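What follows draws every value from the coordinates through simple rules; no lab data is involved. Quick caveat, the model's predicted, so the values are computed rather than measured. With ideal geometry, Cβ positions are generated from the backbone for all residues, glycine too; neighbour counts draw on all protein chains shown.
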Amino acid sequence: MPELPEVETICRGLRPMLVGRDLIRVTARRADLRIPLPSDLAARLEGRRVERIDRRAKYILIRLDDSTVLIVHLGMSGRLAIAPTPPPSLDPHDHVIFELAGGARLIYRDPRRFGLITLATESELESHPLLHHLGVDPLAVAFDGGHLSALFKGRRTPIKAALLDQRVIAGLGNIYACESLFRARVSPFRLAASVAGRRAERLAGAIRSVLEEAIAAGGSSLRDYVQASGELGYFQLRLAVYGCAGQPCPGCDCGGTIRRIVQGGRSTFYCRHRQR
DNA sequence: CGGCAAACCTGCGAGC
DNA sequence: TGCTCGCAGGTTTGCC
């Protein structure tokens, strides 16, 4: 499912297919996504040209030629992909169809409907309720250990939970939070405020490298994630701990076994020997 | 401030 | 084969 690397991969895949193309027709097949689809979605999009595609945390921002911005979040099970040609029959969970000049179709599919599609204008974007609280992008140049420990200062919550807090770091999800902590050898139980100095440098570096490797691999393909091209990723990032409960710790010869625990209602996978 | 559970939905794999 | 159960990548809300 879409965490930051998957969303980034989708944006990169969509750009060559979408930028510069006109939206001819937009069809909403059902409107009850996480937030209701705007009733004027089609009216505001049809006839517009796509100017650029950006990612903010796990949001896809599709900018159009009249300063309208199409905001897409994929939730847990969402996909946004160009339909292959010839087009297969629609799936029951294909909720919004964007027909492009030239005949291609962009399809938003989301079985669980935890995702959303909405509209904003360029001037509304900065203070938009979905976006304004988002923290620093972990791939930003400014993101480093010093930045990380400043963000965590005074926070008496386990580092694992803090990493998932989008108000602090925007874009990390459960998989990459687990993988980053493992790589940095930081215990998921450790209080966020105690992650500073060299440990914070290690963690910031681990977050960056894990995300960059995942993007380079085209996102890690789990159950229902498909790249914008509609194909499964060629390469699947090798996950060191996520989903690996009971397996020997892959990081070193510590002899530990990967354990699964629950923190804040989310699974955490870690090695108690390697991570301190 | 923070932790926790529940809510939103559907699909899938495991186990019986 | 077919049923039930548990679990899933996210986010928000409300309660203690």
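About its Cα centre, the dipole of the stretch A:4-124 is roughly 300 debye, where the only charges are +1 on Lys and Arg Cβ and -1 on Asp and Glu Cβ. Spin-label model, A:ARG208/A:SER194: points 7 Å from Cα along the beta carbon direction are separated by 2.6 nm. For the stretch A:76-156, a crude dipole built from +1 on the beta carbon of Lys and Arg and -1 on the beta carbon of Asp and Glu, taken about the Cα centre, is about 460 debye to the nearest 20.
Rounded to whole Å, the principal axis extents of the Cα atoms in chain A read 58, 38, 30, largest first. For chain A, the longest principal axis of the alpha carbon atoms and the long axis of helix A:174-184 meet at an angle near 40°. Let me make sure I get this right: for the stretch A:4-124, a, b and c are the square roots of the gyration tensor eigenvalues over alpha carbons, sorted descending. Under 1.5 in a/c it's rounded, otherwise prolate if a/b > b/c, else oblate. Which is it? The shape class here is rounded.
The alpha carbons of the stretch A:94-193 occupy a box of 52, 31, 24 Å along the principal axes, longest dimension given first. Count Lys and Arg as plus one, Asp and Glu as minus one, and take only other residues whose Cβ is under 10 Å from that of A:GLU46; the net charge is then +1. Farthest towards the positive end of the charge dipole of chain A, among the residues A:CYS249, A:ILE169, A:LEU74, is the Cα of A:CYS249, using unit charges on the Cβ of Lys, Arg, Asp and Glu. When both the stretch A:251-271 and the stretch A:70-118 are represented by their alpha-carbon centers, they are found 35 Å apart. Largest GNM mean-square fluctuation across A:ARG63, A:ARG156, A:ARG208, computed for chain A with C-alpha springs under 10 Å, falls on A:ARG156. Extending 7 Å from the Cα toward the beta-carbon at both A:LEU130 and A:ALA104 defines two label points whose distance is 2.2 nm.
Computed from Cα positions, the angle between helix A:197-216 and the longest principal axis of chain A comes to roughly 40 degrees.
Annotation: amide H of A:LEU119 within the under-5 Å range of A:ILE71, sequence separation 5 or more or interchain, hydrogens built in the peptide plane. Computed about its Cα centre, the charge dipole of chain A is approximately 1320 debye, with only Lys, Arg, Asp and Glu carrying charge at their Cβ.
Taking θ as phi - 60° and the Karplus parameters 6.51, -1.76 and 1.60, the scalar couplings of the stretch A:134-147 work out to 5, x, 6, 6, x, 9, 5, 4, 6, 7, 8, x, x, 4 Hz in sequence order, x denoting glycine and proline. No disulfide-compatible partner, judged by a Cβ distance under 4.7 Å, exists for the following cysteines of chain A: A:CYS11, A:CYS178, A:CYS244, A:CYS252, A:CYS254. Against chain A, whose longest principal axis is taken from its Cα atoms, helix A:4-18 shows a tilt of about 20°.
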